[in-house]
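Visitor: Got a structure for you, questions after.
Taken together, the values in this text are just the output of simple stated rules run on the coordinates, not laboratory data. These figures come from a predicted structure and were not determined experimentally.
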């Protein structure tokens, strides 16, 4: 009787032992498979394009000085008219030209400097701005602005506040193609990594699109822009 119970207990224990061994195998195998699924590679794909600016903002600033305020305003209006005629003759429409209020300074009213030696009491700076999509025409006309000097109009040099700007505003037209190109380049890098590591490239785990940047190609050709985007993609790897 005791021998029978002992045998049954032994068999039961054996089955329990085998069950635990099998369960441990399954758990270990599952852990290995899960671990293998966690193998990933993160790569970046770059896409760049050179594009021409499609909008130009060209401020033309000229200065005038006088001791008579009424005469000063009259001269500003007269010379502003000459600048507008010059721009229209070059091919710009009236809707592309805007005139800002002149900035008048009373130099004798200043609280610093030797105001008694000031030759002209009033000085003015007037700005006429061209906002247009005729980028090539702006660049061409800028080389002819010296003709205004021959008419007695003192054109100011461009500074930070009054510099010509060239803009690219058609990003949405090229954005899908550039994102596709950046993603394709990222996959090529990931494939190379997988090959070098004797792995197989799996599906995408995560992907993020970087910010688009638009910069001048260089300081001499501000009308040519460099558009750039970097996509970051994380892929699964398997043996």
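Visitor: Let me know the Kirkwood hydrodynamic radius for the range 78-233, please, with Cα pairs as the basis and the value in Å to one decimal.
Guide: The answer is 20.9 Å.
Visitor: How many angstrom lie between the C-alpha centres of the range 64-105 and the range 202-239?
Guide: Distance between centres, Cα-based: 45 Å.
Visitor: Now a separate question. So what are the three principal axis dimensions of the range 55-167 from its Cα atoms, in whole Å, longest to shortest?
Guide: 48, 26, 22
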